[in-house]
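Remarks on the structure that follows.
The values are calculated or read from the model by the stated rules, or taken from the named source; none is laboratory data. Remember, it's a predicted structure, so these values are computed and weren't measured experimentally. Glycine also receives a Cβ, built like all others from the backbone with ideal geometry; neighbour counts cover every protein chain displayed.
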Amino acid sequence: MQNYEINRQTLAILSYENEKAKIIEENDEFIVNNSTMKIIDNSCKFFGSSYEGRLAGTKRILGISHKAPIIIEESKGIIFFPTASPRLDKCSWISLNKISEYYKEKEEIIIKFTCGKTIKLKLSYSIIDNQILRANRLETLLSKKRKEFQNIY
């Protein structure tokens with residue numbers, strides 16, 4: 001498969017090999033012939049923005065741009081966060097709202113999703129914990145802004 005847009009079934013976009021990504025969905029898994037970053041950017045464009053535009057929005061809301069979570073699609077609450085710097089080939093992206101729990105097991109982090117699937121990542125617990133906290137903060141502040149806007153209009 002060449003093109004892929006993130007949707008409500010997408011759980012993770014894992015860095016695979018040679019500019020490829022492994023897509024984990026609630027009911028499917030497959031390889032896409034694009035890098036994780038290209039999939040993120042294409043998905044942002046599919047929903048009317050770009051990675052750079054979404055990054056600028058995150059920076060304005062949170063004040064961060066390093067390993068920043070991204071709002072892929074606002075009305076559906078699709079927020080993904082990177083596991084490393086997006087400039088690196090090893091960067092994978094995880095859907096915030098599909099996580100039910102995460103924990104350390106030996107030298108890996110286990111992420112369990114609401115649908116029952118799990119993935120294992122070779123990362124430190126503090127990296128994943130921090131990324132999830134940042135993504136939750138983005139979601140909370142975005143929700144607050146949305147409520148404030150609705151009260152004005």
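Filtered by the rule that a residue be touching a helix residue (DSSP H, G or I) at 6+ places or on another chain (Cβ under 9 Å) and part of a loop (DSSP other than H, G, I, E, B), region 54-75 gives I64, S65, K67, A68, P69, E74. Within region 97-153, how many residues are part of a loop (DSSP other than H, G, I, E, B), modelled with pLDDT under 95 and surrounded by 15 or more Cβ atoms within 10 Å (Cβ to Cβ)? The qualifying residues number 1.
Being surrounded by 14 or more Cβ atoms within 10 Å (Cβ to Cβ), assigned to a loop (DSSP other than H, G, I, E, B) and touching a strand residue (DSSP E or B) at 6+ places or on another chain (Cβ under 9 Å) holds for only one residue in S49, S43, and it is S49. Between I64, I99, the distinction of being under 18 Å from L14 (Cα atoms) and hydrophobic (A, V, I, L, M, F, W, C) belongs to I99 only. Taken over region 76-96, the residue count meeting the criterion of being hydrophobic (A, V, I, L, M, F, W, C), under 13 Å from I128 (Cβ atoms) and assigned to a strand (DSSP E or B) is 3.
Applying the set (1) at pLDDT 95 or above; (2) within 18 Å of R8 (Cβ to Cβ); (3) more than 16 Å from the chain's Cα centre (by Cα) to G48 leaves exactly one unmet item: (1). For region 125-145, what are the residues that are closer than 16 Å to R60 by Cα and free of Cβ contacts under 8 Å to residues at least 12 places away in the same chain? Within region 125-145, T140, S143, K144 meet the criteria. Taking the criterion of being within 20 Å of L96 (Cβ to Cβ), within 16 Å of the chain's Cα centre (by Cα) and not aliphatic (A, V, I, L, M), the residues of region 21-45 that qualify are K22, E25, E26, T36, D41, N42, S43, C44. Residues that are surrounded by 20 or more Cβ atoms within 10 Å (Cβ to Cβ) and hydrophobic (A, V, I, L, M, F, W, C) within region 56-76 comprise A68, I70, I71, I72, listed in sequence order.
Among what's in region 1-30 and is part of a loop (DSSP other than H, G, I, E, B) and of a type in the set (A, V, I, L, M, F, W, C), pick the residue that is surrounded by the fewest Cβ atoms within 10 Å (Cβ to Cβ). Talk me through it step by step, then tell me what you get.
The first filter runs over region 1-30 and keeps only residues part of a loop (DSSP other than H, G, I, E, B), leaving 1-9, 16-20, 26-27.
Within this subset, residues satisfying the condition of being of a type in the set (A, V, I, L, M, F, W, C) are 1, 6.
Working: M1: 11, I6: 24.
Among those that are part of a loop (DSSP other than H, G, I, E, B) and of a type in the set (A, V, I, L, M, F, W, C), it is M1.
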